[in-house]
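The values are calculated or read from the model by the stated rules, or taken from the named source; none is laboratory data. None of the values given here were measured: they were computed from a predicted structure. We place every Cβ from the backbone using ideal geometry, glycine too, and count neighbours over all the protein chains shown.
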Amino acid sequence: MKHILRKYQSLLPLVALLALSRGAVAQTAERRTGIGLAASGLQYQGDFGSDYWKWDNTRLAPTLTINQYLFRGLDLSTQFLYGELTGRRNTDTYFTTTVFSANLGLKFRLNNGWALKEEARMQPYLLAASGWMYTNKAGQFEGRRLDQDQGYVDVFGAAGISFRLGPGVSLFVQTGQHLPLHANLDGTQEQDTPQWADRFLQHSAGLTFNLGQAPDADEDDVPDRLDKCPNTPAGVAVDERGCPLDGDQDLVPDYLDACATEPGSPEARGCPDKDSDGVIDAEDTCPDVAGKAELSGCPDADADGIPDQEDKCPDTAPGVSVDFIGCPVPDDTAPAKPADAPNPDTDGDGVPNAEDRCPNSAGPAANGGCPELKQDIRQRLQAATRSIRFELNRATLLPSSYPTLDALVPILAEYPDYSLSIAGHSDSKGPAAFNLALSRERAAAARAYLLGKSVAENRIELRGYGPRHPLASNATEAGRAKNRRVEFDLFVSQEKNSAEVKYGPEPTAASLAAPAKVSKAAPVKKAPVKKRAVRKTPAPKNAAPRNAPRKPATRRAPGK
């Protein structure tokens with residue numbers, strides 16, 4: 001029997017390896033099985049006396065435990081023990097008893113949600129079990145040789161505490177007493193062995209590995225049962241609750257926050273916007289007073305297209321031509337209109353068809369007769385730019401991007417006179433030609449998805465700019481992550497693509513081989529503009545107000 005036990009004892013390291021390979025967090029309803037490996041110290045008490053709490057005669061023994069979760073606060077526990085007990089009176093009376101026991105019982109855990117949380121790091125428990133004990137005695141009793149195998153019913157009780165060390169493993173310490181019924185462990189010759197004649201203490205310390213895999217739909221290493229934000233996009237860093245990190249505590253997660261170190265508002269992409277005009281302070285030429293997005297956040301009280309701080313005649317009446325400083329000028333170049341000339345206005349918006357960029361959809365004259373894009377639409381397009389995700393180094397959309405793209409379809413239906421521009425960008429890591437191709441393929445993947453939703457082909461244009469236009473430095477992973485993006489903008493159909501207005505023509509692989517040269521244009525005096533109810537082409541979002549001093553061009557590191 002001893003040889004058999006020693007044979008299986010050699011398998012314990014294999015059991016440990018299996019447990020480590022499937023480790024998870026603390027044993028719960030999702031992870032029901034825990035395997036524990038421990039070193040135990042055995043201390044005998046019987047006819048030879050008591051070794052309880054005497055460490056000099058403590059015998060070490062390997063122990064295997066298996067715990068099965070039943071419900072909160074209660075486990076089914078199995079324990080296997082293999083070891084030896086020894087004792088000596090004199091040279092003629094001594095014993096060595098090999099012990100193998102198997103016990104099955106209930107483990108009452110205090111981390112049951114009432115006393116302690118189920119995920120608590122410190123988890124006290126009590127154990128009550130019974131089973132079978134097999135013994136093999138060898139030695140001498142008053143000169144007579146001992147050699148006997150015998151089995152007994154074993155009653156076992158213990159108390160212990162577990163400490164959760166991290167994902168998949170916990171440390172436990174436990175002390176318990178074995179009470180084999182009518183056991184003769186020391187070989188004493190007596191006619192009737194008392195019920196509790198011989199017994200021993202078992203002190204154990206070891207590791208428990210919990211098996212199984214809890215459901216984790218968003219694969220953020222926080223189980224769905226504990227995940228307060230269960231739909232986090234792949235690759236986004238999360239806290240212990242499963243929610244995206246928000247370093248500046250402005251309710252905009254870092255991965256969507258354009259200003260992750262400064263508190264801002266959700267409406268402003270997490271950036272400060274002191275005047276609440278929808279233009280973040282970093283892009284707002286007039287950060288202390290509300291203005292228009294097309295004028296970089298500056299006000300224009302008389303709507304003549306000249307920001308108030310540059311307008312020398314801020315109260316010019318509508319319809320009056322103004323010069324580059326906003327003052328009226330005579331308009332001698334326009335031919336007189338015959339009194340009886342027809343002036344149709346199909347959509348009835350006050351802008352004649354000849355001057356209406358959207359003759360079939362009503363819109364304000366300031367927007368050329370086209371419907372103005374609502375502020376929430378602009379914000380949704382910006383959010384879409386930040387939310388589209390692809391597989392690493394590939395143009396394959398991740399499923400988390402589908403809802404964002406689906407939300408663009410009704411926007412296109414709401415604005416039939418507009419088309420969608422999709423511009424792909426990359427970081428600078430890797431060959432520039434590869435980055436350029438990848439940025440265009442990613443834009444094409446987003447376009448293909450939308451075409452699959454029955455959007456007309458002539459209403460979506462794509463561009464790929466590779467690493468030419470970064471938003472942040474490519475020196476850090478956080479910066480490169482921001483630079484890998486697909487931008488979405490609406491522009492009036494048949495007019496110049498908004499991406500080309502903002503970034504220029506789409507580059508080629510040859511043009512990326514040499515860095516783009518940036519030069520300042522000579523100031524040009526602005527020709528008189530007739531102030532009428534006609535839309536002025538919106539300036540690019542990041543463009544400076546007219547006649548504002550030009551800032552030195554900053555070369556940015558490219559991004560993939």
- Message: Taking the criterion of being in a helix (DSSP H, G or I) and among the polar types (S, T, N, Q), would at least one residue in the range 432-439 satisfy it?
- Response: yes
- Of all residues in the range 284-301, which are modelled with pLDDT under 80 and out of contact with any helix residue (DSSP H, G or I) (no Cβ under 8 Å at 6 or more places or on another chain)? 284, 294, 295
- Inter-residue pairs, beta-carbon under 8 Å, first of a type in the set (S, T, N, Q) and in the range 235-258, second modelled with pLDDT of 85 or more, 6+ apart: 249/263
- If you check residue 426 against the conditions, is it assigned to a strand (DSSP E or B), more than 22 Å from residue 269 (Cβ to Cβ), of a type outside the set (Lys, Arg) and touching a residue at least 12 places away in the same chain (Cβ under 8 Å)? no
- Note on the structure: Residue set 534, 486, 455, 492; condition of a type outside the set (D, E, K, R) and modelled with pLDDT under 90; output residue 534
- Before we move on, is residue 205 assigned to a strand (DSSP E or B), buried (at least 16 other Cβ atoms within 10 Å of the Cβ) and of a type in the set (A, V, I, L, M, F, W, C)? no
- Taking the residues in the range 9-43 that are hydroxyl-bearing (Ser, Thr, Tyr) and at pLDDT below 95 as candidates, determine which candidate is farthest from residue 110 (Cα to Cα). 10
- Query: Given (1) more than 11 Å from the chain's Cα centre (by Cα); (2) over 30 Å from residue 86 (Cα atoms), where does residue 203 come up short, assuming only one miss?
  - Reply: (2)
- Query: Picking from 245, 226, 211, which residue would you name as being closer than 30 Å to residue 166 by Cβ and modelled with pLDDT of 85 or more?
  - Reply: 245
- Message: If I ask for residues that are surrounded by fewer than 20 Cβ atoms within 10 Å (Cβ to Cβ) and over 32 Å from the mean Cα position of the chain (by Cα), which ones from the range 276-286 would you list?
- Response: 285
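Every residue, every condition in (1) of a type in the set (A, V, I, L, M); (2) assigned by TED's automatic domain parsing to the domain that holds residue 111, yes or no:
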position: 138; (1), (2): yes, yes
position: 154; (1), (2): no, yes
position: 204; (1), (2): no, yes
position: 216; (1), (2): no, no
position: 224; (1), (2): no, no
- Of (1) in contact with a Lys or Arg (Cβ under 7 Å, 6 or more places away or on another chain); (2) over 19 Å from residue 39 (Cα atoms), residue 97 fails just (2)
- Look at the range 153-168 and say how many of its residues are modelled with pLDDT under 95 and crowded, with 19+ Cβ neighbours inside 10 Å. 3
- Filter the range 106-130 for residues that are assigned to a strand (DSSP E or B) and surrounded by 19 or more Cβ atoms within 10 Å (Cβ to Cβ) and give the result. 107, 109, 123, 125, 127, 129
- Query: Among the listed residues 352, 342, which satisfies the condition of being more than 50 Å from the chain's Cα centre (by Cα) and either under 30 Å from residue 443 (Cβ atoms) or modelled with pLDDT of 85 or more (or both)?
  - Reply: 352
